[in-house]
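Q: Got a structure for you, questions after.
The values are calculated or read from the model by the stated rules, or taken from the named source; none is laboratory data. Since the structure is predicted, the reported quantities are computational estimates derived from the model, not experimental observations. With ideal geometry, Cβ positions are generated from the backbone for all residues, glycine too; neighbour counts draw on all protein chains shown. Side chains are part of the model used for accessible areas, which takes the heavy atoms of the whole protein and leaves out ligands, DNA and RNA. Shrake-Rupley method; radii C 1.70, N 1.55, O 1.52, S 1.80 Å.
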Amino acid sequence: MHEHRQSWEDLIIKHSGYPKFKSRTCCIYNSRSRHPVNDPDKLCPCGRMIRRHSLLGDCLESTEAKRGNTEFQTPDRFLDGKKHSVEVPINVFGTLQPSGCKFLRIDARSPMENIFQLILEDCGTQKPALILSVYGGAKYFTMAERLEKEFIRGVIDAATMANAWILTTGIDNGISKLVGEGISHYSLLREYPNKVKCIGMTMWGTINENTRLRLKHTSNGNPPPLCERQIPSKIEEDRETIELNHTHCILFDSGKLYDYLSDSQRNQFVIEACKDTGDGHTCYAVTIIVEGGTGSLEILENDITGKRPIVLIQGSGRLADLLAMLVEQTSNPDRTQYCRDPDQHEIQQALGRFFPDLPDSEGSTAKNQIQKILKKENRHLLHVFSMDRDRNVAETIFKAIFTATEKKTKLEYNQRNKNESLEQEKQRRQDEDKLVDLALEWNYFDGVLQILQARQGELIKKKKDFIQVDIARQKQLFLKSLERKRSTFIEYFLISGFDLLSLVENDDIPSYQKFILELYNTSYKEMNKSHKNRVTMLFGATSFSSMQEIDYKLNKFVGSFFGSICSSKNDSFLNRIKIDLNNRVCTCYGSNEHVEENYELKVIQHITKVYPTESSYTKHHILRDLFLWSIFMDMPEMAKVLLFHVRSRVCAALIASAIYKNYSKLSPTVDMRDKFQTQSLDFEIYASMFIDKCYEYNEKRACELLLRQIPLFGNVTCMQLAISSASSKLLETACFDQTLNQVWFDKLSLSNHQLKVKVSRTLAIMTVGLIAPCINTKDDALSQDGINYYVDEGNSKKGKLTTYWRRFRYFHESPMINYLWFLLVFSYMMLYHLDGRDTFNIHWTEIYVIITVSSMLCEEGRKLYHEYDTRMTERWGSTGSTALTLLSNIFYILPYFLFYLGLGFRYGSYNEDLLTTARIIWALDLELWYLRSLKFVIALKFLGPKLFMLQNMLRDLFAFVYMIFIAIAAYGVVSRALIYYKEVPFTSRGIFSGIFYEPYWFIHGEVSDKDLLDERIMNGTNDGGKGVAEATATHILLGFHMLFINVLLLNLLVAVFADSIGKVQENTEFYWRYQRYSFVREYFEHLPLSYPPLIIISHIILIILNIKNICCSSVCRHRIVRDDHLPISKKFTRIFRLENDPFTIVDFAATFPIKCTMTSDQTIGPFFSLKSWIYRRSPLSCAPTSYGYILKQMLTK
């Protein structure tokens, strides 16, 4: 922005041409003056040695000599006027390294306008919005650590938020040192800190001689400064040095050393900064007093005279505590009214308490100053910060500014002039608008709450002179609040009924899309550098050219099951494959940046079809897109505000949790990962709370809510999101468990849990289902529109025989029964009927197994296509590990591959060896089919989590395989080299059996080498020692190997297994329900006649139905379909979700009391503190009657 900004030195050289931009020095003597012979270190009244003056021109001594006065008498004292000092060119200025502190020695009488303009130009002509004068304690100043940290944090936050300049004394002790070090720590701890402008103002004569010499040596002024000591070396100075962490240090010079600066320069500087220059910029000033002595009363007097607010830090000591005590003594408890002025006795007691050693003369002056400061008419300017009462220093600073400004301009709501003219009201409203803009810039909502409430009241009263202006103003403030991340302001506007549709200029889709895209781009530009880098690294580039790219991001961060919400182009099957490959495999399948010319028209047509409203978009779509924007741009507080206003908030919370979990995985640092994990957990908790509240009102509707697809969010279901993101909090809710129960028991009764019923079910299995229809009944807990909406209830009144056979079919459609029968037949075939082809007589079991496996393979392919086509892919890649996902897919495909490989060997030749190969392959294949039957254990709560234990133990085992392999290989090679030299065949089989096979069994305690080594040692000893050394060395190696493998590695592996098992046991409910979802969904979506090989019939029917749909689509296009009509294809291919959506606001209505009933800041989490805060201060009521009516109507149907 300021690439060609002039350097500090160049600016000073430029300003040196101004008539009054000068320095000052003593003119009693000059550089040619000679010291007395008997006193070479004689001092001038200015404090310098006579022989070390820097003045090059005439001085008083030379002037008197020209007049003939050779006996010049040194004055007794230094006069502050022009008689003993003179203006000289500025020659002490520069920049100290490495801190970068810019310093300047200048005349104390210089106009403050010149100094302010110099610093302003050095800051890039960016005027400050706030001047923070931080004064008080100097030497021996101490403050409690907790208060010190809060004070520094508050000052830095206020300075960075409000673009403030901080003014201090600039010396390296007391409060100025504390502020300087705080700025240094801020710049070190923040990755991309904002530059805080901190200006120190002190006297040139206040700092010590060594500091003055350092500054002179650093300077390159013309003429060059005198770089020699100007005071005797025998003088021990107890003077100050400058604080190097300040950005600027202005050293005022009166020509005299050992001089102290009054408050005149600071006061004039503040007045100059806050002066109205007619450019519309306003600067405010606040003085902060920390500790302090009676000398600080001059600062307070000047601020009181200038009507500038003051903040007293209570607990810092001395003056700040004295004034804070008197303010609270003379005010009512809540400090909203000032009762009286303090009397002389109270002030005297306070002075005696905090300044016990104060001389009487100074005490009398201080008493009068305090009495003037604490007058009742000045009390609105005094604000006390207390650690035990106030939130933070920054908020107290902003409160002081707004209180003083409102008092000054008479903007108190209760004191408005009811008879003001139109022009007067316009001016008043302009002043109010400035305050609102300031509050929004500083994120201080309390300061303008009364103004916003009054404007809302005027809108309700329909004050026609300003209603259109106020609507436009609200729109401007809302947009600015979005861009600046002011979540509290956004919350106020939303609960006040702000019309979101007014944000879009025209009522059409292109304008709406333009608004959303501009919001992404504008908010990105408003971020600080750290936030920008974080968003770019995690989210990617935000320079969107179309809304289509938002669909790509949702697909990437939420899942491929998330339907398109912006582009109809993304809904095509082939394009979905391209996007998924691009997001999850590689980027070689096309770019997301290309947008077709007719793309906008397609989007309009798509949204017109999808949105069942008269307009193209509604406020719910705007809220949804704003919510997604806040999540993607990493604005969690804004997202939490919008979450309570968006429809389908359970789904929205789960989407936020999923995105933040993916952000956590992509984060490069530990702290970022922890931060996003915490944010993800927050939204998980909100989702579980919302669903619990719905379940509390109506169990049936809450269960349907988890399975009901949500068109607003890409037709996903809450259950899909919870499973995909492994949302443990929601999976552990009673509603989730009940939903799975309803689907799992489906045609059975949920109440059949008695012991006798369990015994009856066992008998039903033993009788191959013949008595099952007599003991299993259907439970109609959910409505026809509920989870069981696919079930045809039209036959419920049919005869007993029909009912019997229907229930008999239900029993045999159980996947477990089918799979067990397949394993029994396959096992029987392998044991008794797998003969060679010379006795070519294929047994029926072999035919059955071939047909069954083939039909199962066809069904697996159909399931994959069906899941992808219907966007039910939330379980794909759910292992959380690429390696485990790959192994799972291999385990998934391998049984089919081995079966058909064995089938090829079985019928490939009459060779008996090939039959043996086929038998081995099919034996391994049967082993895998048995292992796959473990999935039925998922249905049992006490066994289901054990599968997760096995999965985690396998993951741990793979980590140890490498170490175990290294140990086995090391022993195998070394031992065989010693005892089997040149005896191991150099073939793959020889190397494997000779080197790796035997050492592998050491893990299991089979130490065959020990007997061999003992024999070698014994035989070698008898034969004269041949091979004894090698065998002995191998014996030692064997002992070490056994210690390392059997004792250390294996026991460590057991300990790791125990830890993995413990972690699973801690989350048994989550793991069981997570696995159970997959099993229940598979059961629910199976085809009629799903028993292999009869499932082929269903496949044939599906093929016929698809051909019919393709051929008859044009004929049946204008056919009128009843609302309750259910296509046959839908009965065949069921989807684990509810497609109709008559209860879209159930969760919104049911969870509304969460917002209305919060009265404690500790209710639920950090965000609910914000919610309770805003609702306590809201001008609107929660309107429980209207929402209660909606809730009652929705939940009692």
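Q: Does Asp39 satisfy the criteria of being without any contact (Cβ under 8 Å) to a residue 12 or more places away in the chain and either farther than 15 Å from Gln230 by Cα or open to solvent by 50 Å² or more (accessible area, probe 1.4 Å) (or both)?
A: yes
Q: When you look at Val1056, is it in a helix (DSSP H, G or I), in the same structural domain as Ile964 (by the TED database) and open to solvent by 50 Å² or more (accessible area, probe 1.4 Å), yes or no?
A: Spelling it out, it is not the case that Val1056 is in a helix (DSSP H, G or I), in the same structural domain as Ile964 (by the TED database) and open to solvent by 50 Å² or more (accessible area, probe 1.4 Å).
Q: Would you say Asp682 is open to solvent by 40 Å² or more (accessible area, probe 1.4 Å), more than 21 Å from Gln1075 (Cα to Cα), modelled with pLDDT of 90 or more and within 20 Å of the chain's Cα centre (by Cα)?
A: No.
Q: Of the numbered conditions (1) crowded, with 22+ Cβ neighbours inside 10 Å; (2) closer than 30 Å to Ala320 by Cα; (3) not aliphatic (A, V, I, L, M), Arg212 fails exactly one; give the number of that condition.
A: Among (1) crowded, with 22+ Cβ neighbours inside 10 Å; (2) closer than 30 Å to Ala320 by Cα; (3) not aliphatic (A, V, I, L, M), the lone unmet condition for Arg212 is (2).
Q: Just one of the numbered conditions (1) under 20 Å from Gly255 (Cα atoms); (2) surrounded by fewer than 18 Cβ atoms within 10 Å (Cβ to Cβ) is not true of Arg5; which one?
A: With (1) under 20 Å from Gly255 (Cα atoms); (2) surrounded by fewer than 18 Cβ atoms within 10 Å (Cβ to Cβ) applied to Arg5, the lone miss is (1).
Q: Okay, next question. Here's a check for you: in region 222-242, which residue that is open to solvent by less than 10 Å² (accessible area, probe 1.4 Å) and not hydrophobic (A, V, I, L, M, F, W, C) is farthest from Leu55 (Cα to Cα)?
A: The residue in question is Pro232.
Q: In region 494-517, which residues are open to solvent by 50 Å² or more (accessible area, probe 1.4 Å) and either within 22 Å of the chain's Cα centre (by Cα) or among the hydroxyl-bearing types (Ser, Thr, Tyr) (or both)?
A: Within region 494-517, none qualify.
Q: Out of the residues in region 382-392 that are at pLDDT 90 or above and under 17 Å from Val134 (Cβ atoms), state the one that is farthest from the chain's Cα centre (by Cα).
A: Step by step, filter region 382-392, then rank; the result is Leu382.
Q: Only one residue in Asp253, Asp279, Asp321 is more than 28 Å from Ala144 (Cα to Cα) and open to solvent by 10 Å² or more (accessible area, probe 1.4 Å), so which one is that?
A: The conditions single out Asp279.
Q: With the condition kept exactly as written, say whether any residue in region 1072-1080 is modelled with pLDDT of 75 or more and open to solvent by 60 Å² or more (accessible area, probe 1.4 Å).
A: No.
Q: Are any residues in region 169-209 open to solvent by 50 Å² or more (accessible area, probe 1.4 Å), polar (S, T, N, Q) and touching a residue at least 60 places away in the same chain (Cβ under 8 Å), and if so, which ones?
A: Correct list: Asn194 only.
Per-residue answers, yes or no, for (1) modelled with pLDDT under 95; (2) open to solvent by less than 50 Å² (accessible area, probe 1.4 Å); (3) more than 22 Å from Leu147 (Cβ to Cβ); (4) of a type outside the set (A, V, I, L, M):
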site: Ala285; (1), (2), (3), (4): yes, yes, yes, no
site: Glu291; (1), (2), (3), (4): yes, yes, no, yes
site: Glu301; (1), (2), (3), (4): yes, yes, yes, yes
site: Pro309; (1), (2), (3), (4): yes, yes, no, yes
site: Gly317; (1), (2), (3), (4): yes, yes, no, yes
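Q: Here is a follow-up. When region 848-879 is examined, which residues are found to be β-branched (Val, Ile, Thr) and either part of a helix (DSSP H, G or I) or modelled with pLDDT under 80 (or both)?
A: Val849, Ile850, Ile851, Thr852, Val853, Thr879
Q: Is at least one residue of region 521-536 part of a helix (DSSP H, G or I), open to solvent by less than 30 Å² (accessible area, probe 1.4 Å) and more than 20 Å from Arg190 (Cβ to Cβ)?
A: yes
Q: Another question about this same structure. I'd like to know if region 952-970 contains one or more residues that are open to solvent by 40 Å² or more (accessible area, probe 1.4 Å), over 30 Å from Ser1060 (Cβ atoms), in a helix (DSSP H, G or I) and not aliphatic (A, V, I, L, M).
A: Looking for residues that are open to solvent by 40 Å² or more (accessible area, probe 1.4 Å), over 30 Å from Ser1060 (Cβ atoms), in a helix (DSSP H, G or I) and not aliphatic (A, V, I, L, M), one finds none in region 952-970, hence no.
Q: Test Trp821 against the criterion of being surrounded by 14 or more Cβ atoms within 10 Å (Cβ to Cβ), among the aromatic types (Phe, Trp, Tyr), part of a loop (DSSP other than H, G, I, E, B) and at pLDDT below 85, and give yes or no.
A: The answer is no for Trp821.
Q: With respect to Lys475, is the statement that it is within 37 Å of the chain's Cα centre (by Cα), open to solvent by 30 Å² or more (accessible area, probe 1.4 Å), modelled with pLDDT of 75 or more and not assigned by the TED database to the domain that holds Glu505 true?
A: yes
Q: Looking at Leu731, Leu721, Leu712, Leu705, which is the one that is at pLDDT 90 or above and aliphatic (A, V, I, L, M)?
A: Answer to the check: Leu721.
Q: On to the next question. Considering each residue of region 159-179, count those that are hydrophobic (A, V, I, L, M, F, W, C) and under 19 Å from Gly315 (Cβ atoms), and give that number.
A: Adding up the residues that qualify gives 3.
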